[in-house]
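Undergrad: Right, I'll just put the structure down here and ask away after.
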Amino acid sequence: MKMYDIDPSLQVFKECEQFLKDQEWYVGGTGLGAKYGNNHEEQSVESPDEGGIIAKLNPNGTIKGSADWVEVPNASGVWRTPFGWNDESVRRRAPKVWDLFDYVNKTFLNNSMTIEGFPEEIAATRKLYSPKYGNDPTVPTYGTMPEPGHMPAIWTCYGIAKTGGPRLEDGRSVNMKGSQRRIGTVGIHMDAIPEEYEEGYFSILINMNSFWKPSWGGDLIYYDLEDPETADEVHFRRGYGIGYASGVAPHKPASVIVVPANALHTAANDKFMPQRGDYLRRIMFRCKYKDLHNPYTEEEE
């Protein structure tokens, strides 16, 4: 793991920080979508955000416009907002994000990286693939509406937000999915597909809060990768062995974290406090060295 510090007063950081605050955020859920009060249409199976919530967030992390919501689905605790699947798409769809990546890549990484690492799915993003609701026909699989909870794994650049659990403007907490009810962490995993991993693939995270107190939490915790035959714990789905914690990357303002894509990690819970006046934000870049092939792009071509 390597860490670098950006000056949070730099224009390229400040512009990207504001851009991230202005985005719609997506969070996965179960059952039918949120049912709103009189000022909103009730969702149905035709709704683009069926099975989750699409919302903007207030500065303290509560959901904008939720004062009259009468029912919401169970939801995970991590919001995401997608930007792109390679350098060109990020540059076109989110130029402020691209500018920050370009600065980090050239300043700290010898301009060696491209945003073409292991892709990720993002829950509740159905509308992005729909000609009725989406606005970018270049999105891979555009025109094929996925089933709720089964989003295509295409995104290599996206924003991440944590709010201490989704909350309505009146302070009510949105019910959390059972699999996400963890004390302290949200599950130990790696970003790579283990059987496809090779050296040269990385996860690059940029902490996008210009101010953050250590007691507010949200630090990234890293674990040793162990032989599954002798490990005390094995990943329930992927089968790799999980060792004990061996490192922490604090949610330090404007810091950059670079780790191999197969690094085992989890994110510690952040602490929700209405008076905090901010919620945790990061940008994830799933990258590789420029001289490596990209299996996803190669397959699509």
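Undergrad: Distance in nm between label sites at residue 112 and residue 196, each 7 Å beyond Cα in the beta-carbon direction?
TA: The modelled label-to-label distance comes out at 2.3 nm.
Undergrad: For a test of the definition: using alpha carbon positions, the gyration tensor, and the 1.5 limit on a/c, classify the stretch 2-291 as rounded, prolate or oblate.
TA: Details: a/c = 1.32, a/b = 1.27, b/c = 1.04.
Rounded shape, in that the Cα axes give a/c under 1.5.
Undergrad: Amide H of residue 233 versus every other amide H placed in the peptide plane: which residues, excluding those fewer than 5 positions away on the same chain, fall under 5 Å?
TA: 242
Undergrad: Using DSSP to call loops (not H, G, I, E or B), can you name the GluC sites (Glu not before Pro) in the stretch 88-123 whose Cβ has at most 14 other Cβ atoms within 10 angstrom? Walk me through the numbers on the way to the answer.
TA: Details: sites: 88, 116, 120, 121; in loops: 116, 121.
Here no loop site has a sparse enough neighbourhood.
Undergrad: Starting at the first residue of the stretch 152-169, write each ³J(HN,Hα) from the Karplus equation 6.51 cos²θ - 1.76 cosθ + 1.60 with θ = phi - 60°, in whole Hz, x for Gly and Pro.
TA: x, 8, 10, 8, 10, 9, 7, x, 10, 10, 10, 10, x, x, x, 9, 7, 5
Read-outs: derived from the displayed coordinates by stated rules, not from any lab. Given the structure is predicted, the values throughout are model-derived calculations rather than measurements. Cβ: placed from backbone, ideal geometry, glycine included. Neighbour counts: every protein chain shown.
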